[in-house]
Ligand SMILES: [Zn+2]
Ligand SMILES: [Zn+2]
C-alpha cells in the first residue's frame with residue numbers, strides 16, 4: 001500500500017510503500033520514553049521503499065543493552081517522531097510511526113509486543129469517561 005506522511009510543521013514529508021498487514025503496537029519501555037506516550041504503533045515498510053520529498057529527517061541512534069543500534073528518525077524542527085530503522089549498510093525496513101501517516105485510519109494493528117511493560121490502565125481504556133472534544137468547564 002502506498003502512503004504519504006508529514007511531520008506536524010511540514011518540514012519533513014515522505015511517501016512510502018508499506019505492508020498494511022504488518023501494523024503493530026509496541027509497549028516496550030524505549031517506545032514509551034521516545035514517544036513520551038503509553039505505547040507506539042508502527043507499520044513496516046517494504047525494503048528501502050521510502051522517499052523524503054522535502055527536508056531530510058534528523059536521526060538519533062539508540063543503542064540497546066545488546067549493543068544493537070537503531071536509528072530513530074524525527075523532524076529536527078518540530079520533533080515529530082517518524083520512524084525507526086537499521087544502522088549501516090544493507091536493505092532498510094522502516095518501522096513508520098502511524099501518527100504521522102495521512103492514511104493512518106486504514107492501518108489497523110494486528111499484533112502487540114512487549115505487553116509486559118504496558119500500563120494496567122490501558123486494558124481498561126474504554127471504561128474511562130470520554131468526550132468527542134474538550135468538555136466545557
Ligand atoms: Zn516538523
Ligand atoms: Zn518498542
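FYI, it's all coordinate maths here, none of it is from the lab. Note that the structure is predicted; figures quoted are calculated from it, not measured. Methodologically, a virtual Cβ is constructed for each residue, glycine included, from the backbone with ideal geometry; neighbour enumeration extends over all protein chains shown.
Numbers below:
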read-out: Mean projected area in nm² (Cα convex hull; one quarter of hull surface) for the stretch 96-137; value: 5.1 nm²
read-out: In nm, spacing of pseudo-spin labels at residue 19 and residue 58 (7 Å Cα→C-beta vector); value: 3.2 nm
read-out: Efficiency of FRET from Cβ geometry, residue 131 and residue 92, R₀ 41 Å, rounded to 0.05; value: 0.50
read-out: Relative contact order (%) - the stretch 1-111, alpha-carbon pairs under 8 angstrom, separation at least six; value: 31 percent
read-out: Distance (nanometres) between label positions extended 7 Å along Cα→Cβ at residue 111 and residue 28; value: 1.3 nm
read-out: Helical mean residue ellipticity (222 nm; -39500 (n - 2.57) per DSSP H run of 4+; nearest 500) of the chain; value: -1500 deg cm²/dmol
read-out: Order of 70, 97 - criterion: other Cβ atoms within 10 Å of each residue's Cβ, fewest first; value: 70, 97
read-out: Rounded FRET efficiency, nearest 0.05, which uses the C-beta distance separating residue 11 from residue 46 and R0 of 22 Å; value: 0.35
read-out: Alpha-carbon gyration tensor eigenvalues x 5, square-rooted, for the stretch 2-119, Å; value: 20, 17, 15
